[in-house]
Structures are given as structure tokens and as C-alpha cells.
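Undergrad: Got a structure here, written out as C-alpha cells. Questions coming.
The values are calculated or read from the model by the stated rules, or taken from the named source; none is laboratory data. Keep in mind that this is a model prediction, so the values were computed, not measured. With ideal geometry, Cβ positions are generated from the backbone for all residues, glycine too; neighbour counts draw on all protein chains shown. Areas reflect the complete protein model, heavy atoms only, side chains present, ligands, DNA and RNA absent. Shrake-Rupley method; radii C 1.70, N 1.55, O 1.52, S 1.80 Å.
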Amino acid sequence: MEQTSNTWCVCFSPTGSTEKAVRAVAEGKSIHTPDNRECEYIDANRPKVRSLAYNFSSEDFVVLGTPTYAGRVPNKIMPFFRDNIKGNQTKAVIVVTYGNRSYDDCLMEMILMAEANGFLVTGAAAVPCEHAFAPALAAGRPDSEDLQKLHELGNMAGKQLNNDVFLRRNIISGNNPVGPYYVPKKPNGEPAKFLKAKPVTDMEKCIRCGLCWENCVMESIEQGVPENVSGVCIKCQRCVKKCPKGAKYFDDEDFIQHKQMLEENFASKDEGSRKEIEIYF
């Protein structure tokens, strides 16, 4: 049976969790690909990559992935998916990850954008993943159980490539049209205002290795001057996670209080409180 010839992953994944989830779907689909070729990976962490336009054909299969920021697609990354990723009767699976609180309207937003851009969405998943700045939330996820379920989603999508099987939007959790971004809270319930917060650098630990400015998804860390964050920071934690010496951190009070609120209210306290991956097919 003739199948699509090219499998693509288009993914924004500053801390790597979303990439794991997206690749698991692509690997599941690859079982049904001639010569079992690997997927082509488009790394949306890189600003230069996000400046380009990508057009996919009806012969392609695309897995689109993003983490959830404040219940939506990250606002600085959303234009890339909305304006630069185009399909033409292209089969797609949508994957969103979230840090154990809620994915709110993120999955719906991604599906609406994909459909508007010419993609035929055949499946989707919302995946609890270790929170970028509150790692007590969904610690260690996606784990092997999650990845197996995502692999099976890709397998199911691969089996249906030549059939007109599409995701029914009315089964997806989320508002249509999508609602506003979630407002971060402090433990006392007041809004946590850390929009302008930026990472600081412990210069006693910093070895000026360059990993932070090389990996900044907004190119906001000045090359050669790691303590200078001159541009926009989206709090993705990529520089924090990439620093080999633990020299990067956030000291903004509202940011720290929001982290505390998340850990108090949304960390999995026991096995019975584990949030399960949601698969839509």
C-alpha cells in the first residue's frame, strides 16, 4: 500500500521534553514508511529557523509540537506556527505538553492554526511533562509509559494514512475561539507579575562557555557577556538547563512565588495523583 514519503517533526522544545514526545509519535509512524526512514526535524528553538517558511505537500506527514505557556501556545512562538508552517492536504498529528497544571486552550489553538493552514489533523495528544521551572510537577516525564502511548498514536496514524480519518474538533478539550492566557498566581491567589523577569548569572560559577547565548531561543543573551540579557525573555529555562555549572537562575520574587504556588497545588503527591496523557484519535 502506497504511503506518504516524508515524515517531518516541527517542534519548539526549549528543555527537550516536547521533542521527546514528538519524536515518539514520528517513530511510531515510521513503521509504515517505505525503507523505515527517519523523520526530518525542524528545530523551532532557533530564531533563524523560525524566520523561514515551510510548505508541506499531500505526500508529507507532519508532527507539530509545542509546550504550553500560560494555557496557550507561547505568544512569541505562535506566529511561527500560524504564519510559517503551511500544508496542502497534509496529514498531521498535534502534540502539546504541559507542566501538570493544565493545557487549557493550547491544544485547541494548535489544531485551529493547523487546520487553517491546510493540514488534515488525524490525531493529537496532551502530555504532562516535567515543568520547566517547577520540576516537582510531573517529574521525569514523559516517561517510558508516556512514550509508548505516543509511539502507538504514531502507529495508528500511520495505519490510516490513506484513509479519510480526521480528528473531530468537538472532542478536544479547550475553547473555540480560544480564551485569554492564564494569569500566573502567587500562593495567596494574587496575580504574579514577572513578565519582565530575566535570568541572572552567578559570575563566580560562570565559565563563559557560551552555551547560554548560543541556546537562547530569543537571542537575548549578549554574546560574550552572559550576565547581560538585553532582549525579551520568555522564561523558557533553556539557558538554566543548558548551563553546565548551574550559574543561571531567576531571582524575581513574583516568579519564585508562582513556582511555590505550582509546587503546592499541582505537584503529584502520590501515584494516585498522576495525570495521564490524553490521546485524541
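Undergrad: At a probe radius of 1.4 Å, what is the per-residue accessible area of ASP104, in Å² to the nearest 10?
TA: 50 Å²
Undergrad: Helix 106-116: angle to the longest alpha-carbon principal axis of the chain, degrees 0 to 90, nearest 10?
TA: Approximately 50 degrees, to the nearest 10.
Undergrad: Tell me, what is the percent relative contact order of the chain, built from C-alpha pairs under 8 Å that lie six or more residues apart?
TA: Averaging sequence separation for qualifying contacts and normalising by length gives 20 percent for the chain.
Undergrad: Continuing with this model, one more query. Return the single residue from GLY179, GLY87, GLY65 with maximal mean-square fluctuation; model: Gaussian network over the chain, springs between Cα atoms under 10 Å.
TA: Result: GLY179 has the largest fluctuation of those listed.
Undergrad: Restricting to bridges with both residues inside the chain, how much of the DSSP beta-bridge set is antiparallel, in percent to the nearest 5? Don't skip to the end; give the middle numbers.
TA: Numbers: 8 of 36 bridges.
Roughly 20 percent of the beta bridges in the chain run antiparallel, per DSSP.
Undergrad: Return, in residue-number order, each cysteine of the chain whose C-beta is not under 4.7 Å from any other cysteine's C-beta.
TA: Within the chain, the cysteines lacking a partner Cβ under 4.7 Å are CYS9, CYS11, CYS39, CYS106, CYS129, CYS206, CYS209, CYS216, CYS233, CYS236, CYS243.
Undergrad: Still on this structure: With springs only between Cα atoms under 10 Å apart, run a GNM on the chain and tell me which of GLY28, GLY123, GLY246 wobbles the most.
TA: Taking springs between Cα atoms under 10 Å, the residue moving most is GLY246.
Undergrad: List, largest first, the extents of the alpha carbons of region 145-196 along their principal axes, each in whole Å.
TA: The principal-axis extents, from largest down, are 51, 30, 21 Å.
Undergrad: Compute the Cα gyration tensor for region 129-264, then decide on rounded, prolate or oblate, letting a ≥ b ≥ c be the square roots of its eigenvalues: rounded whenever a/c is under 1.5, prolate when a/b is larger than b/c in the other cases, and oblate in all that remain.
TA: Prolate, because a/c is 1.5 or more and a/b exceeds b/c.
Undergrad: Something else about it: What does the C-alpha gyration tensor say about the overall shape of region 58-104? Classify as rounded when a/c is under 1.5, otherwise prolate if a/b is larger than b/c, or oblate. Display every interim value, and only then the final one.
TA: Details: a/c = 3.82, a/b = 1.76, b/c = 2.17.
Because a/c hits 1.5 or more and a/b fails to exceed b/c, region 58-104 counts as oblate.
Undergrad: Here is a further query. Note the listed values (i) 20.0, 69; (ii) 19.5, 65; (iii) 19.0, 61, then indicate which one is Rg and Dmax of the Cα atoms in Å calculated from this particular structure.
TA: So the calculated entry is the one marked (iii).
Undergrad: Hey, if we sort LYS20, LYS275 by accessible area with the 1.4 Å probe, largest down, what's the order?
TA: Descending order: LYS20, LYS275.
Undergrad: Out of the total accessible area of the chain (probe 1.4 Å, heavy atoms of protein only), what percent is carbon and sulfur? Walk me through the numbers before you get to the answer.
TA: Numbers: 6310 of 13110 Å².
Ligands and nucleic acids excluded, carbon and sulfur reach 48 percent.
Undergrad: With every protein chain kept in place and ligands, DNA and RNA left out, what is the accessible area per residue of region 143-281? Probe 1.4 Å, answer in Å².
TA: 59 Å²
Undergrad: Going down the list LYS86/LYS269; LYS48/LYS235; LYS86/LYS275; LYS76/LYS186, which pairs span over 30 Å between their C-alpha atoms? Present the calculation step by step, with values, prior to reporting the outcome.
TA: Working: LYS86/LYS269 42 Å; LYS48/LYS235 19 Å; LYS86/LYS275 33 Å; LYS76/LYS186 24 Å.
Going by Cα-Cα distance, LYS86/LYS269; LYS86/LYS275 fall outside the 30 Å limit.
Undergrad: Excluding PHE166 itself, calculate the net charge of residues whose Cβ lies under 15 Å from the Cβ of PHE166, where each Lys or Arg counts +1 and each Asp or Glu counts -1.
TA: Charge balance in the 15 Å sphere: +2.
Undergrad: Another question, then. Using alpha carbons only, how many degrees (0 to 90, rounded to 10) separate the axis of helix 17-30 from the longest principal axis of the chain?
TA: 10 degrees
Undergrad: I've got another one for you. Tell me, what is the per residue accessible area of region 33-132 in Å², probe radius 1.4 Å?
TA: Ligands and nucleic acids excluded, the figure is 34 Å² per residue.
Undergrad: Further question: Quick check: net charge around ALA134, other residues with Cβ under 12 Å of its Cβ, Lys/Arg +1 and Asp/Glu -1?
TA: Working: positive: ARG101, LYS235, LYS259; negative: GLU130, GLU263, GLU264.
Computed value for this residue: 0.
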